[in-house]
Amino acid sequence: HTRLLTVTGVQTCALPIFETTGLNLDSDQVIEVGATRFYRSGAFENFSTFVDPGRSIPREVRELTGIADADLRGAPRFGDIREDLRAFIGDRAIVGQNIAFDLAFLRAEQIVPAAPSFDTWELASVLLPTATRLNLGSIAAVLGVHMPVAHRALADAEATRDIFLTLLDRLEALPRSLLLEL
């Protein structure tokens, strides 16, 4: 319950999302970064770039994301954007959908946020108990959040931001006694 009460006090957040060549931290690389930093009021700023992974994108990833090797030609390496992304995130609370994945890639790139992190999947599992699926698209559909495209970093970050703010509104509408019980 402490985490539920903590999230209600969040005023500013950063939400970094990565598209990668795969799911293995040891062998896969980031190919796209999309991040949004936002305030409880809804104001936001975005950061987005392709990233050269130094290798070809696997067919499955190309099909899933629509990102082609040609899109990455001339893109910076992750090391070239690391400090810009670190500054963009700053000391804000981190938000994400299944956030462990993005936090792991951040840590692998020597970006270790000091602020708390909040997972929209976890919040949705509490606040949408009748939802049958809790992937990003399903949560967006249940909450009426517009999601024009899936598996693109900035679009996913923006949808996750809007989902988080909607879930936060629902959370804050609950009686404090229920929050304590949860």
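The values are calculated or read from the model by the stated rules, or taken from the named source; none is laboratory data. Keep in mind that this is a model prediction, so the values were computed, not measured. Please note: Cβ atoms are built from the backbone with ideal geometry, for glycine as well, and neighbour counts cover all protein chains shown. With ligands, DNA and RNA removed, areas are computed over all heavy atoms of the protein, side chains included. Shrake-Rupley method; radii C 1.70, N 1.55, O 1.52, S 1.80 Å.
Here are the numbers:
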| item | result |
| --- | --- |
| Accessible surface of the chain, 1.4 Å probe, proportion on carbon and sulfur as whole % | 51 |
| Shape call, the range 85-182: gyration tensor on alpha carbons, a/c limit 1.5 | oblate |
| Debye intensity ratio in log₁₀ form over the Cα atoms of the range 59-104, taken at each q of 0.19, 0.20, 0.21, 0.31 Å⁻¹ | -0.91, -0.96, -1.00, -1.02 |
| Residue-averaged [θ]222 nm for the chain, counting only DSSP H segments that reach four residues, each worth -39500 (n - 2.57) | -13000 deg cm²/dmol |
| Over the chain, relative contact order from alpha-carbon pairs under 8 Å, at least 6 apart, % | 27 |
| Residue (of Ile163, Pro148, Phe18) at the positive-pole extreme of the chain, dipole from beta-carbon charges | Ile163 |
| Residue among Thr130, Thr21, Thr49 with the largest mean-square fluctuation in a Gaussian network model of the chain, springs linking Cα atoms under 10 Å | Thr130 |
| Gaussian network model of the chain, springs between alpha carbon atoms under 10 Å - residue of Pro116, Pro53, Pro148 with greatest fluctuation | Pro148 |
| Relative packing of peptides 169-179, 68-78, 150-160 - highest average C-beta neighbours within 10 Å first | 150-160, 68-78, 169-179 |
| Semi-axis lengths, Å, the chain, gyration tensor of Cα atoms, sqrt of 5 times eigenvalues | 30, 18, 14 |
